[in-house]
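Engineer: Questions regarding the structure given below will be posed in turn.
The values are calculated or read from the model by the stated rules, or taken from the named source; none is laboratory data. Because the structure is a prediction, the values reported are computed rather than measured. So basically every Cβ, Gly included, is an ideal-geometry build from the backbone, and we count neighbours across all protein chains shown. Just so you know, the surface numbers come from the protein's heavy atoms only, side chains and all, with ligands and any DNA or RNA stripped out. Shrake-Rupley method; radii C 1.70, N 1.55, O 1.52, S 1.80 Å.
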Amino acid sequence: MTKIIGTTGLLAAAMVMTGGFALPFALPGDASAQTATNLVCRGCVDTRDIRNKAVTSKKIRNGQVKPIDLHRSAKPAAANFSSVNGEDAGTLPTTDTVVAQVTMELPAPGVVIANAGGWAVFNDNPSSILCAISKTPTTSGQPFIIAQNHNEANARRMPTPVTRGFVEDTAGSHTYYFVCRTHLGSSGHNDAMLTTVYVPQLSGPVPASASAEGAAGSSVD
């Protein structure tokens, strides 16, 4: 005679055969399934388990990505500078002379603010010097400043501060020049420094009205 054992009987038989421990498998006819809630798996997920482009901004908790986590080209702002100290320029010719220059690698469109300066030295009376910040090594067609001496002895040296902003609509290499020349008489330029600061564009296209560059400076000829 054949004896049929039901599901309950099979479970009891399985527990007996395993020393009282239930085996982790589903029995025939058992249609239910449960999800483990106490699974601990350290080191189970690596880069191979994450699909390309799967990590988006919404998946990152705000404040979790710090500047130290970013590559230098991905940081939100950057600066560069060129400095020449001492009696570097001597007597400037009446033709344009680059006294400092800086090249920046921009990771994205944005704005570059350039600040330059130094000391004009006047050898004759009267004398004057003309300086500009430009993306070409020339003062022609650029906004500029003029520093000029007068009859007082302490006016033989004058500062040459220049500030200018450039709206850059492309990433990549951009070079900026601090250019000076003698405008009148005989003059020189010392302690030249050019500093550039990059600020990324946060959103939207570059305004058409600012497609080239914004400038601050004198237009006295």
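Engineer: Any idea which of V162, V197, V167 is surrounded by 16 or more Cβ atoms within 10 Å (Cβ to Cβ), in contact with a helix residue (DSSP H, G or I) (Cβ under 6 Å, 6 or more places away or on another chain) and over 19 Å from T91 (Cα atoms)?
Structural biologist: Selected residue: V167, the only one of V162, V197, V167 that is surrounded by 16 or more Cβ atoms within 10 Å (Cβ to Cβ), in contact with a helix residue (DSSP H, G or I) (Cβ under 6 Å, 6 or more places away or on another chain) and over 19 Å from T91 (Cα atoms).
Engineer: Any idea which of (1) in contact (Cβ under 8 Å) with a residue 40 or more places away in the chain; (2) within 27 Å of S173 (Cα to Cα); (3) not β-branched (V, I, T) is the one A120 doesn't satisfy?
Structural biologist: (2)
Engineer: What is the one condition in (1) at pLDDT below 95; (2) over 12 Å from T196 (Cα atoms) that M104 does not satisfy?
Structural biologist: For M104, the exception is condition (2).
Engineer: For the structure I just gave you, tell me whether I146 is modelled with pLDDT of 95 or more and not polar (S, T, N, Q).
Structural biologist: In short, no.
Engineer: Kindly state which strands (runs of 3 or more DSSP E) lie completely within segment 104-198 and contain at least 3 residues that are on the phi < 0 side of the Ramachandran plot and under 28 Å from the mean Cα position of the chain (by Cα).
Structural biologist: Of the strands (runs of 3 or more DSSP E) lying wholly inside segment 104-198, those with at least 3 residues that are on the phi < 0 side of the Ramachandran plot and under 28 Å from the mean Cα position of the chain (by Cα) span 110-122, 128-134, 162-168, 172-184.
Engineer: Here's a follow-up. Please go through segment 37-56 and pick out each residue that is open to solvent by less than 100 Å² (accessible area, probe 1.4 Å) and either charged (D, E, K, R) or assigned to a helix (DSSP H, G or I) (or both).
Structural biologist: D46, D49
Engineer: Report, ordered by the first and then the second residue, all pairs with beta carbons closer than 8 Å, sequence separation of six or more or different chains, a first member in segment 148-160 that is over 17 Å from A116 (Cβ atoms) and of a type in the set (G, A, S), and a second member that is open to solvent by less than 70 Å² (accessible area, probe 1.4 Å) and at pLDDT 80 or above.
Structural biologist: A155/F122; A155/N149
Engineer: Might you let me know whether segment 56-79 holds any residue that is among the small types (G, A, S), modelled with pLDDT under 70 and in contact with an Asp or Glu (Cβ under 8 Å, 6 or more places away or on another chain)?
Structural biologist: yes
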